[in-house]
Amino acid sequence: MIFRRGRIPAGVPRKLLLMSDKSKVGNPDKPKMRKLRIAIDGPAGAGKSTVARMLAQKLGYLYLDTGAMYRALAVTAVDKGIDLNDPVKLGEMARQVDMRVREDNGVFRVWVDGVELTDRLRGPETDRAVKLLAMARPVREVLVAIQRKLAEAGGVVMEGRDITSVVLPDAEVKVFLTASLEERVRRRWKELKDRGIQVEWDEVKEEMVSRDQKDQERTWGRLVQTEDSVFIDSSRMTKEEVCSAIAELCEARTRCCTGS
Ligand code: CDP
């Protein structure tokens, strides 16, 4: 993957990788906390994105949606007609494209080769493509390296499938967030419906089960709950409750590190 500085088309963020205004300014009302790396993994529809976004806002941290990066490459591969079962070709593409990401008021935006793909990242077609692309180890290696770089300075909430295990195994706060299958399907079905995408309940369920299975089975970067991750079942929790629970973990971690 190439991050070019020159000839940036209009509307594309000019920073090399990712820049959030909040990451620099922070929230002046919040007490000073050590800049933690917060890693959240879990299956599809567990509410990771919503909670990670809320938490990042609360702490004045960067929100990093790694799924969006996989999704953007899946859209690109489909556009370029690359075989989603060919890891070598997919890896070549991942190394060659110019991907830029930026968090904008809680929206995680992605550009590939100067074209913004944010609005094309979510939907049944991308779901089907990304589960295949995410199995390609060469693609994962490229994205994992970028994600580690993005987290280097700390002050990030990063969510995905392999963040606690591969990307940031030494993150200060590690969470495995899940919910019952029915609840996860309900959330995804509603999300699609709210965006005007009409899909059958059973279709959403089947696709989710199939994607979870692929995510848990691949040999490299599969979805697992690491021993040191805190398990949270959000089936009967509001997003605010989940966010507070993780914020408490962060405070506990800060107290334990600073002795305050
Ligand atoms: O929002 P949802 O949980 O449905 O998915 P996502 O976080 O947008 O991720 C989409 C897909 O990208 C997942 O099903 C995985 O196959 C892949 N992914 C991954 O392999 N590793 C990550 N760190 C993040 C996403």
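Scanning the range 80-97 for residues that are surrounded by 14 or more Cβ atoms within 10 Å (Cβ to Cβ) and in a helix (DSSP H, G or I) yields 87, 89, 90, 91, 92, 93, 94. The single residue among 100, 128, 122 that is surrounded by fewer than 22 Cβ atoms within 10 Å (Cβ to Cβ), more than 9 Å from the ligand (Cβ to nearest atom) and not small (Gly, Ala, Ser) turns out to be 128.
With a requirement of 3 or more residues that are charged (D, E, K, R), surrounded by 12 or more Cβ atoms within 10 Å (Cβ to Cβ) and at pLDDT below 95, none of the strands (runs of 3 or more DSSP E) lying completely within the range 151-260 satisfies it. In the set 71, 148, only one residue is modelled with pLDDT of 95 or more and exposed (fewer than 15 other Cβ atoms within 10 Å of the Cβ); that residue is 148. Of all residue pairs spaced 6 or more apart or on separate chains, those with beta-carbon atoms under 8 Å, a first member in the range 167-180 that is farther than 16 Å from residue 250 by Cα and a second member that is assigned to a strand (DSSP E or B) and of a type in the set (Gly, Ala, Ser) are 167/39; 167/160.
The values are calculated or read from the model by the stated rules, or taken from the named source; none is laboratory data. Since the structure is predicted, the reported quantities are computational estimates derived from the model, not experimental observations. Glycine gets a Cβ as well: all are built from the backbone with ideal geometry, and neighbour counts include every protein chain shown.
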